[in-house]
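Undergrad: Before we start, here is the structure in question, set down as structure tokens.
The values are calculated or read from the model by the stated rules, or taken from the named source; none is laboratory data. Remember, it's a predicted structure, so these values are computed and weren't measured experimentally. Note that each Cβ is placed from the backbone with ideal geometry, even for glycine, and that neighbours are counted across all protein chains shown.
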Amino acid sequence: MTIARHDDDVTVGRYVAAIATRLNARVTEVSAAIRLALEEDIADLRGDPRTADLLGASVEANVDTLLHALRHDIPVDGIQAPSAAVEYARRLAQQGVPSNALVRAYRLGQRRMTEMVFAELHEMAIPAQDRVTAIERISAILFDYIDRITEQIVVIYDDERERWVENRNSLRTLRIRELLTTRKPVDADAASTAIRYPLRWHHVALVLWYPAAEDDEIPRLQQFVRELAQALGTEAPALFVATEPACCWAWLPYRTDPADPARRIRAFAAARSGSPGIAIGPAGPGIDGFRTSHRHAERAQGVALVRGLPEPIVAASDAGLSTAALLGGDLAETRDWVREVLGNLASDTENDERLRETLRVFLRTGSSFKAAAGELDLHFNSVKYRVGRAIARRGRPITEDRLDVELALLVCHWYGRAVLPDGP
């Protein structure tokens, strides 16, 4: 009985080899028929002429490899994807064709190949039992081949797609950095095409970061920016640039000047847990607005980082922040200047902090005790007392250098201990 089964296997093997030989004799015709079926059924594969030719080469290479395995009874578990098939997968990855289109192509190719095998079987005089066994064997080999090659091709596709996207993003980032720093005239339309972002529109620049992050937070930041843009109703996707593992730049595009974007960004972030730190630039049009908004957002972030707030959300439009950012360019010099202007009022104590804030609001509201009391939610007499104590702590009146005093208080308000003589 064992010998009989062996003889049957040999006989069926000969039929399988004969079918493969008949198909191999017209391998070009078979491959062309499969390619045509794929292009008709899968719209994503109807690419440019060069890619279409590569599809033909991939199909023919796969058909030739498969028929070779059938003719010579070669186990498919040792077969590697043909070079033409590998190159075609890489080309689709570079063009952004979905990987499921590539996988579907192999499945449809398997079906079309099976149909042609059956057609050959009908043309050959094969006993019924051997015919069934031959069909089973060829179907199993076809399935195993497609399964193995598809697995290899998907890995190649994913690797190439990741590499290509990384390279493209690196080039895009380089162009964005050049756009921010160049002094040469820039063609807005050409630059928009290069970075895939509408530079002629209005822009709100953001710097986002996770202050205490130790891991790569870029995917999390990307998701946050994407959802923020959707919530704020931008008319094109936000521009995203990763700068560090836990920090990024972003721009929100609008066709017209957006109304109070900082307020809406704050509301969005407040409604979510785990929001990043956000520095918000002012809205501005065109390339100049793109640059200016980003520059202000970076300065605002600088203030927030020096202050050390755990989850800061700051905007360049916040009262006095942009001025404080300019004054805080050299913190050592700023600290000495603050001490010269404020005297003992610059001490790093809770009491002096309350006195500084009261005096700041008092001066900002036009030296009105009533207005300051309303803003600080204090009694009129409390404000008057604190203002008097602040001037006494300073050690001299504020009549002759009021502007210096206001600016020094503004710097203290935004930078905190970093600009106080006893600070870090």
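Undergrad: Pairs needed: first member in the stretch 35-64, over 22 Å from L23 (Cα atoms); second member anywhere, modelled with pLDDT of 90 or more and aromatic (F, W, Y); C-beta distance under 8 Å; at least 6 residues apart or different chains.
TA: Between residues of the stretch 35-64 that are over 22 Å from L23 (Cα atoms) and residues that are modelled with pLDDT of 90 or more and aromatic (F, W, Y), the close pairs are T51/Y88.
Undergrad: Identify all residues within the stretch 298-342 that are farther than 19 Å from L420 by Cβ and charged (D, E, K, R); write none if there are none.
TA: Those that are farther than 19 Å from L420 by Cβ and charged (D, E, K, R): E298, R299, E311, D318.
Undergrad: Name the residues in the stretch 234-257 that are in a strand (DSSP E or B), surrounded by fewer than 21 Cβ atoms within 10 Å (Cβ to Cβ) and out of contact with any Cys (no Cβ under 8 Å at 6 or more places or on another chain), would you?
TA: T243, E244, C247, Y254
Undergrad: Quickly run through the stretch 294-332 and pick out the residues that are of a type in the set (D, E) and over 25 Å from R272 (Cα atoms).
TA: Residue satisfying the conditions is D330 alone.
Yes or no, residue by residue, for (1) buried (at least 20 other Cβ atoms within 10 Å of the Cβ); (2) outside any helix (DSSP H, G or I); (3) in the same structural domain as V154 (by TED's automatic domain parsing):
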{"position": "L38", "(1), (2), (3)": "yes, no, yes"}
{"position": "N62", "(1), (2), (3)": "yes, no, yes"}
{"position": "L67", "(1), (2), (3)": "yes, no, yes"}
{"position": "Q80", "(1), (2), (3)": "no, yes, yes"}
{"position": "A85", "(1), (2), (3)": "yes, no, yes"}
{"position": "A89", "(1), (2), (3)": "yes, no, yes"}
{"position": "A93", "(1), (2), (3)": "yes, no, yes"}
{"position": "N100", "(1), (2), (3)": "no, no, yes"}
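Undergrad: Here's a follow-up. Exactly one condition in (1) of a type in the set (D, E, K, R); (2) under 20 Å from I34 (Cα atoms); (3) over 39 Å from the mean Cα position of the chain (by Cα) is false for D73; which is it?
TA: (2)
Undergrad: Residues of the stretch 295-340 being surrounded by 19 or more Cβ atoms within 10 Å (Cβ to Cβ) and in a loop (DSSP other than H, G, I, E, B), which ones?
TA: The answer is A316, G328.
Undergrad: Taking the conditions exactly as written (surrounded by fewer than 16 Cβ atoms within 10 Å (Cβ to Cβ), farther than 21 Å from W251 by Cβ, of a type in the set (A, V, I, L, M, F, W, C) and assigned by TED's automatic domain parsing to the domain that holds A236), does A140 satisfy them or not?
TA: In short, no.
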